[in-house]
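For reference, the structure is listed below as structure tokens.
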């Protein structure tokens, strides 16, 4: 790790012999994660041929966390106005009769999600 840091984050070894190349790979594999600077990771190229280049790069941005799971009820409560309407007008829910109960339960779960849909779902008018 020290050699990579002293080299400015990119250490280039010109066409090393196979034994030297293997020693570098073993050394890289043995570096504890807490020795790698925060927000960085080590990569290398030239595992089997050409120049061996060891580079300290920025970790990719993990992005936003995934949304929380939507709880889906075990039974469709037809007392809910939306589900009662969909049950009374089956043509509005384009699913097979075999999957209708599951579709109604999914709608019930999604409709209970409220304002959390803002920015997540598409509105169809």
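Key figures for this structure:
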item	result
Candidate set from the stretch 24-38 (those that are free of Cβ contacts under 8 Å to residues at least 24 places away in the same chain and outside any loop (DSSP other than H, G, I, E, B)); member that is nearest to residue 13 (Cα to Cα)	25
Members of the stretch 33-57 that are more than 24 Å from residue 19 (Cβ to Cβ) and within 24 Å of the chain's Cα centre (by Cα)	33, 34, 36, 37, 38, 39, 40, 41, 56, 57
Number of positions in the stretch 71-115 that are loosely packed, with under 13 Cβ neighbours inside 10 Å and at pLDDT below 85	3
Qualifying residue in the stretch 37-47 (condition: over 30 Å from residue 108 (Cβ atoms) and out of contact with any strand residue (DSSP E or B) (no Cβ under 8 Å at 6 or more places or on another chain))	yes
Among (1) surrounded by 12 or more Cβ atoms within 10 Å (Cβ to Cβ); (2) assigned to a loop (DSSP other than H, G, I, E, B); (3) in contact with a helix residue (DSSP H, G or I) (Cβ under 8 Å, 6 or more places away or on another chain) - the single one residue 47 does not satisfy	(1)
In the stretch 50-70, residue surrounded by the fewest Cβ atoms within 10 Å (Cβ to Cβ) [restricted to those that are part of a strand (DSSP E or B) and in contact with a helix residue (DSSP H, G or I) (Cβ under 9 Å, 6 or more places away or on another chain)]	55
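The values are calculated or read from the model by the stated rules, or taken from the named source; none is laboratory data. Please read all numbers here as calculations on a predicted model, not as lab measurements. FYI the Cβ positions are ideal-geometry reconstructions off the backbone, even for glycines, and counts take in every protein chain you see.
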